[in-house]
Structure formats: C-alpha cells, structure tokens
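Coordinate-derived values only; no laboratory data. Owing to the predicted nature of the structure, the values given are computational and were not obtained by experimental measurement. Cβ: placed from backbone, ideal geometry, glycine included. Neighbour counts: every protein chain shown.
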Amino acid sequence: MPMIEMKNVSKWYGEFQVLAECSTQVEKGEVIVVCGPSGSGKSTLIKCVNGLEPFQQGEVIINGISVGDPKTDLPKLRARVGMVFQHFELFPHMSITENLSIAQVKVLGRGPDEARERGLKLLDRVGLRSQADKFPGQLSGGQQQRVAIARALSMDPICMLFDEPTSALDPEMINEVLDVMVELAQEGMTMMVVTHEMGFARKVAHRVVFMDQGRIVEDDKKEAFFGSPRSERAQQFLSKILHH
Amino acid sequence: MLNLDFAFFTPAVVSGYVLKGFVFSLQLTAIAMLGGIALGTVLALMRLSSKPWLTLPAAGYVNTMRSVPLVMVILWFFLLIPLVIGRPLGAEMSAIITFTLFEAAYYSEIMRAGIQSVARGQVAAGYALGMSYGQTMRLVVLPQAFRNMLPVLLTQTIILFQDTSLVYAIGAYDLLKGFEVAGKNFNRPVETYLVAAVLYFIISFSLSMLVRKLQQRIAIIR
C-alpha cells in the first residue's frame, strides 16, 4: 500500500479547471519532487493531499484513509501529515518553543513538559536550540523555515508535504533549509516536495512529477526525468531553470 | 457675566452624589465592553463563515443595530422588555443589557476586520497541524486579531464610555446623572455640568493617550 495515493484528482475554481485527472503515488520512504511552471497547479495538488484544498473528483488516500470521504476525521489525519509552507506560517504571537509545543499539547494531548522537551530536541536537530525563547519575527527567513520543519516533525508525521519551502527565501538562506530536508530524506522520511530546486531533486528524489496546466505531464524516475524528459514542455522547462 | 462658584463642591458632595454614578458608568462600560467583544467576536465569526444560515442573521443583526440611534434602542428595550417578561427590569439592568447588545454590533465589525487581517496561511497552518476549526480560531487567529485590533477596540470603548451618558433617557443613575442631581440640589447646574465635562474629557483623553502609547508598542513588536 502506498503512503500517499492520488487517483484522478480533478478540481475546479468555478468554470476554471485547476487540476485535471491527476494520479500519482508516493511509497513509504520515497521522496518525490513536484515541479512545473507557475500556475501549473502543483501547490494546489499538494494542498489536496491533506485536504487543505477540497477537490471535486477523484480520490486521495493517505495510509489507507480517504481524504475526500466526508466521514474521515480530517484533523486527526492531518495531525500525522507534516506540512511546510512557502511563507513558513509560524505563529507570530508565540515564542519558538510555544510554536513547537502548541499542537503537541492541544492536538496530540501530550503534557507540556514532554512537548517542550520534544520541541527542544527538534530545535537542536535543525541547529536552532539557542533561538528557543525568541519570537518568529526575530528570526531570519531560513531560520523560520527550519523551525517550521521542526514544528511539523514534532507531531511525529508519517509523511511530510513541502509547498515551495525555499521560494520565499533569500538565496543565501536556501541551502540551510535544503540541508535539513536532505537529511530528512536520507533518514527515510516519506516526502512530497513542490520545488524548483533541481539540485535537491537530483540529490535525494526518487521520482519527479512534472505538471503543466493542471495535468501531470511526466511522472518518472529521477534519472529518466533529468536524462531525457519525454514531453517537450518538460524539456523547455528544464532548459529554462537549469541554465542559471 | 457668569458668576461661577465652585465652593459647594466638597468631597462630601462628590461621595454623596457623583461617586455612585461614576461607579455605575465604569461598570456599564466594563461589562458592555467585555460582553460586547465576546458577542461581537461570535457575530464576526458567523459573518465570515461560508454558511448562509450563519452569515445572514449575523449581518442582519449588525446592520440593524448600526442603523438605529443608541438612545432609541435604550428606550425601546427599557419599555418593551417588561411587556415581554411581565415585570420591570430596572433602569440599570436594562442599560447593561442594551449596551452589551448594541456595542456587540460595533465590536463585531472591528473583530471582522481583525480576523481578516490575519494571513490566510495561518489558518492553513493550524489545520495542517491537526487543529479543529475552534482550536485554529481560539489559539491562532483570534489572539492575532485581538492584538492587531487592540487600539481600535479601545477607541470604541472610549466612545462607549461617553455614550453611557445616554442612559439619562431611562433615568439610570450614571456619572452625568450624579452631577445633574448635585447641580439641582445646590442650584448650581452650570458649575456641575462644567465639572462633569472636564471629568469626561480627562478620562477620555487620557485613555486616548494610552491607546496611542499602545499603538506604538504594538508597532515595535511587529
């Protein structure tokens, strides 16, 4: 059974179709990178995985549980699916430690001390232990995103979703975030990553999904994708982003 | 010329006439503020929901309250409720309930703006961590909305404090009434109204200054 399975997912905003029969799956321990030009629907696709965006047709199944089923306890399912956003979305009115422990306490029901301990351990892991008592606004973008990854990990997720985790960062901060993600991938975390960082894809991705105009145009093993993408659209896209 | 004489205005007069009214005005302001913000927040959440059966009643309530002069609401509530419940409610109680219901409409618009000022991604982040709608609102969105709107909420409260003087319409004993009674008893209405004006000014103005300080502090935290 795949960790994440998408079957013919379609979504419309009114008349406009943003996703057209998208199907793919992520096996346990697999890392897949989703790329494509802006407006191709990749962010929408990844938000359908944990039901942040509703979809009208098709099925998304995480670890055997259907996301679109109205009977599914979505909060309970989401608690086990880590998500990292483009704009970090740390809670600005809470300290870093509180950001890391709030959902552990309120959602998982852990004790405050246990949650704090776990949070600090993860902060250590992303190299930010010394920032524990600061507020998000006092951290750089790269640091905030690393805290956001730690926050997602604090829930002991069965898989992680990344929605353009580095596109809002200054260039010199991208690597500190990618390093954390690479480490995570190498430890065997199941990951679905929307990104344009092809270096990251080459390094740790197992498969690359290429989207254009709401459709999954390519879904290949990494080697095949970078070696010789079949579609002309993907070739164009790669030549554009790999030239610099 | 005006022949002003403030000599009658002794501490005994203050404690005998004014203090009782002052306490009630503060009570009325505090209760209507807390109740109004609580009810207003619920109304704001209703208006921002996607369900018409929540949006429409909330919008109707807010728009109605905001389209009617406060003094009329005070009067109507005072006159109508006894007919409904079969016994008089008392001017003070009636004023407290009316102000809470009326101010809720204004606080609700402030809270609505505050909730909308919180980035949409914050809601997504709450949900993504497994929080329910209620938890996301209570833990993530509303604290930020309150912080963003604190100066406006307090400004509305200053207006509320000034508006409490309207309870003269139903004869409740508030700060202004205290001065009025004292003025009549000592036959010095001009002087007492003058002192009343100065007192209202001092309280409202210092609160305004406080709001300005607060605004600067919030600007720094952000």
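General observations
- Against chain B, whose longest principal axis is taken from its Cα atoms, helix B:19-48 shows a tilt of about 20°.
- Shape call, chain B: gyration tensor on alpha carbons, a/c limit 1.5: oblate
- Computed helical MRE - 222 nm, chain A, DSSP H runs ≥ 4 contributing -39500 (n - 2.57), nearest 500: -11000 deg cm²/dmol
- Prolate/oblate/rounded call for segment A:1-143, Cα gyration tensor, a/c under 1.5 rounded: prolate
- Taking packing as the residue-averaged number of other Cβ atoms within 10 angstrom, the listed peptides B:39-49, A:80-90 run from highest to lowest as A:80-90, B:39-49.
- Farthest towards the positive end of the charge dipole of segment B:113-192, among the residues B:PRO189, B:ALA145, B:TYR173, is the Cα of B:ALA145, using unit charges on the Cβ of Lys, Arg, Asp and Glu.
- Helical contribution to [θ] at 222 nm, DSSP H n ≥ 4, -39,500 (n - 2.57), averaged over chain B, rounded to 500: -25500 deg cm²/dmol
- Cβ neighbours within 10 Å from other chains - mean over A:49-58: 1
- Candidates A:HIS93, A:HIS196, A:HIS206: whichever shows maximal mean-square fluctuation once chain A is modelled as a Gaussian network with Cα springs under 10 Å: A:HIS93
- B:GLN216-B:MET72 pseudo-label distance in nm [points 7 Å out on the Cα-to-Cβ vector]: 4.2
- Calculated FRET efficiency, A:VAL182 to A:GLN235, Cβ-Cβ distance, R0 = 35 Å: about 0.85 to the nearest 0.05.
- Mean separation of Cα contacts under 8 Å, 6 or more apart, over the residue count of chain A: relative contact order %: 27
- Rounded to the nearest 20 debye, dipole of the protein assembly as shown from Cβ charges on Lys, Arg, Asp, Glu: 620
- Space enclosed by the convex hull of the alpha-carbon atoms of the protein assembly as shown, per residue, Å³: 212
- Which of B:VAL73, A:VAL209, A:PRO229, positive extreme of dipole for the protein assembly as shown (C-beta unit charges): B:VAL73
- Percent antiparallel among DSSP beta bridges (both partners in the protein assembly as shown, rounded to 5): 55
- Only the Cβ atoms of Lys and Arg (+1) and of Asp and Glu (-1) were treated as charged; on that basis the dipole of segment B:23-175 about its Cα centre amounts to roughly 560 debye.
- The long axis of helix B:52-67 is offset from the longest Cα principal axis of chain B by roughly 20 degrees.
- Ellipsoid semi-axes in whole angstrom, largest first, where each is sqrt(5λ) of the Cα gyration tensor of segment A:5-72: 19, 16, 9
- Neighbour cut-off at most 16 other Cβ (10 Å), DSSP loop, trypsin sites (Lys or Arg not before Pro), segment A:101-208: A:LYS134
- Simple label model, 7 Å out from Cα along Cβ direction - B:TYR168 to B:LEU19, nm: 2.4
- Eligible lysines near B:LYS20 by straight Cα distance, threshold 25 Å, same-chain separation 8 or greater: B:LYS177, B:LYS184
- Relative contact order for segment A:108-233, counting Cα pairs under 8 Å that sit 6 or more residues apart, in percent: 17
- Prolate/oblate/rounded label for segment A:127-244 (Cα gyration tensor, a/c 1.5): prolate
- For chain B, the longest principal axis of the alpha carbon atoms and the long axis of helix B:189-221 meet at an angle near 20°.
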